[in-house]
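Working notes, beginning with the structure itself.
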Amino acid sequence: MSDRGCEKCEELLQEFLDRTLTNDEWALAESHLAGCDYCRRRYRFEETLRRYVKLSAVERMPPGLMAKLEELRGLGGIETA
Amino acid sequence: MQPPVTRYGSPVSEADSATEARRIAQEARDRARFEDEALALADQVYRVARRLVGSREEAEDLVQEAYARAFRSWRSYTPGTNMRAWLLRILTNLNVDRGRRIQRTPQTQPLEESDYYLANKVASAAGEDALDQDQVVERMSQDSIVKALADIQPQFRDVVVLVDIGDFTYADAAQILDIPIGTVMSRLHRGRRALKQKLAEETMA
């Protein structure tokens, strides 16, 4: 691995994980990842962290909240001429 | 401004009143459809709200206020656009307006640490092999993530929560928070770093 490659990957990593890279950037990041163990581990680590962040929010609505929201129906009224 | 229309002395014709009745019925249907669509998203809206604020009670209040405002201003929603983003925009505005967020003192540690901060710290504590993701992850508990998220500065947390938990695109998050897309990206980057830093502090404590 070259330092320069890792710098580039550093730059690309977040967007690589967010799936917002252009095709060219994606190819560049992928080819670098294939040859760089350090970046590959980082990538896996970041991916796992994101999964965990997502898992931290699986909590469902408290019981009763939906009923309270249902009661708010009609607040917008109807415009009469 | 138009002069007030008086209907006294000029009785509405039957055709007019039938048209008016149809319009009212149509509006009621549109409103009900809007409400159905919004309520179907309540679980997802709550999930994001829950991580934006500190407690379940606050999240519950915030979601109720957001729905009350959304239902009142349903006419300003453009059908066919992203309703979840529209609802979250109302919710995040309310959250800022009401000053609910706990303002933290600025980070004492600079955020310029490597993104690898947490992994490196775990590795140095347990030897090089511990860099393996499973072992890093073993040290992170659901609680530690929740706590770390609650501990980062609100403007960073908003973006991380919207993108990483709410699955919003950068563009949606920019619209919801009314900030440029470049700001979303930089806050996201800094927010994730801050999150890792907090996690490192917690899991290594």
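The values are calculated or read from the model by the stated rules, or taken from the named source; none is laboratory data. Source: prediction; values computed, not measured. Don't worry about glycine lacking a Cβ; one is built from the backbone with ideal geometry, like all the others, and counts go over all protein chains shown.
Of all residues in the range A:22-63 being of a type in the set (A, V, I, L, M) and in a loop (DSSP other than H, G, I, E, B), which is farthest from B:D164 (Cα to Cα)? Taking the candidates together, the pick is A:M61. Here A:L69 qualifies as at pLDDT 80 or above and buried (at least 17 other Cβ atoms within 10 Å of the Cβ). Any idea which residue in the range B:174-189 is nearest to B:A150 (Cα to Cα), counting only those that are more than 11 Å from chain A (Cβ to nearest Cβ) and part of a helix (DSSP H, G or I)? Filtering the range B:174-189 for residues that are more than 11 Å from chain A (Cβ to nearest Cβ) and part of a helix (DSSP H, G or I), the one nearest to B:A150 (Cα to Cα) comes out as B:R187. Taking the listed residues B:I165, B:I181, B:I176, the one that is among the aliphatic types (A, V, I, L, M) and without any contact (Cβ under 8 Å) to a residue 24 or more places away in the chain is B:I181, with no other qualifying.
For the range B:28-56, the set of residues classified as facing chain A (nearest Cβ under 8 Å) and of a type in the set (V, I, T) consists of B:V48 only. State whether one or more residues within the range A:64-72 are within 10 Å of chain B (Cβ to nearest Cβ), in contact with a helix residue (DSSP H, G or I) (Cβ under 9 Å, 6 or more places away or on another chain), part of a loop (DSSP other than H, G, I, E, B) and of a type in the set (A, V, I, L, M, F, W, C). Yes, some residue in the range A:64-72 is within 10 Å of chain B (Cβ to nearest Cβ), in contact with a helix residue (DSSP H, G or I) (Cβ under 9 Å, 6 or more places away or on another chain), part of a loop (DSSP other than H, G, I, E, B) and of a type in the set (A, V, I, L, M, F, W, C).
Listed by first and then second residue, the pairs with beta-carbon distance under 6 Å, at least 6 apart or on different chains, first residue in the range A:50-63 and within 7 Å of chain B (Cβ to nearest Cβ) and polar (S, T, N, Q), second buried (at least 18 other Cβ atoms within 10 Å of the Cβ) and in a helix (DSSP H, G or I), are A:S56/B:I145.
State yes or no: is B:R100 more than 30 Å from A:C6 (Cβ to Cβ), surrounded by 15 or more Cβ atoms within 10 Å (Cβ to Cβ) and modelled with pLDDT under 90? Yes; evaluated as a whole, the condition is true for this residue. Looking at the range B:55-92, which of its residues are assigned to a helix (DSSP H, G or I), closer than 25 Å to B:D151 by Cα and without any contact (Cβ under 8 Å) to a residue 40 or more places away in the chain? B:R56, B:E57, B:A59, B:E60, B:D61, B:L62, B:V63, B:Q64, B:E65, B:A66, B:I90 - these are the residues of the range B:55-92 that are assigned to a helix (DSSP H, G or I), closer than 25 Å to B:D151 by Cα and without any contact (Cβ under 8 Å) to a residue 40 or more places away in the chain. So is B:V159 at the interface with another protein chain (Cβ under 8 Å from one of its Cβ atoms) and either touching a Lys or Arg at 6+ places or on another chain (Cβ under 8 Å) or free of Cβ contacts under 8 Å to residues at least 60 places away in the same chain (or both) or not? In short, no.
Inside the range B:28-51, residues that are closer than 15 Å to A:R60 by Cα and assigned to a helix (DSSP H, G or I) make up a count of 12.
Across the range B:184-198, the number of residues qualifying as over 20 Å from A:L13 (Cα atoms) and of a type outside the set (D, E, K, R) comes to 0.
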